[in-house]
Amino acid sequence: MFSGLREQGHSVRPIRELCYIISKGEILLNSYNIYDKDAGKKSIIQFKLWKENQLKAEDLLAYIQEDSLHKCYFNSLIGIEKTIKLKNKSLVQESYAFSPERFLEQLVDNFRFTENL
């Protein structure tokens with residue numbers, strides 16, 4: 001299923017994702033510091049999607065109706081265009097690459113950072 005899909009104006013979400021947002025309301029990211037002398041050392045960064053410590057209706061509405069989490073994913077994509085010349089015409093292929101750095105910036109801007117685990 002396509003992440004962030006809408007069908008006739010209605011949000012379509014995987015049931016496991018929805019259950020996790022309701023029960024935990026958090027995002028966990030694996031982080032690797034490749035420039036550190038301990039290259040490959042992993043830490044986990046945690047963000048809370050809920051505005052407070054308990055789930056409120058506004059949090060669920062932001063997730064479902066406003067696509068709060070999925071907007072972070074989409075805003076983290078970098079557009080890539082490849083042009084193929086065909087005699088007197090050009091064919092442009094558009095694709096996207098996910099940027100973990102942009103995703104982290106989006107999470108920092110939109111959700112509560114809670115801790116490094």
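Some observations on this one:
- Among the residues of segment 93-112, none qualifies, meaning not one is among the polar types (S, T, N, Q), open to solvent by 80 Å² or more (accessible area, probe 1.4 Å) and touching a residue at least 60 places away in the same chain (Cβ under 8 Å).
- From the options Ser23, Ser68, residue that is polar (S, T, N, Q), over 17 Å from Phe113 (Cα atoms) and modelled with pLDDT of 90 or more: Ser23
- Matching residues, segment 65-82, being open to solvent by 60 Å² or more (accessible area, probe 1.4 Å) and either part of a helix (DSSP H, G or I) or under 14 Å from Asn110 (Cβ atoms) (or both): Glu66, Lys71, Tyr73, Phe74, Asn75
- Some residue of segment 38-51 being open to solvent by 100 Å² or more (accessible area, probe 1.4 Å), modelled with pLDDT under 95 and over 24 Å from Gln106 (Cα atoms): no
- Check on Phe47, of a type outside the set (Lys, Arg) and outside any helix (DSSP H, G or I): yes
The values are calculated or read from the model by the stated rules, or taken from the named source; none is laboratory data. Here the structure is a predicted model, which is why all the values come from computation and not from measurement. Cβ: placed from backbone, ideal geometry, glycine included. Neighbour counts: every protein chain shown. Areas reflect the complete protein model, heavy atoms only, side chains present, ligands, DNA and RNA absent. Shrake-Rupley method; radii C 1.70, N 1.55, O 1.52, S 1.80 Å.
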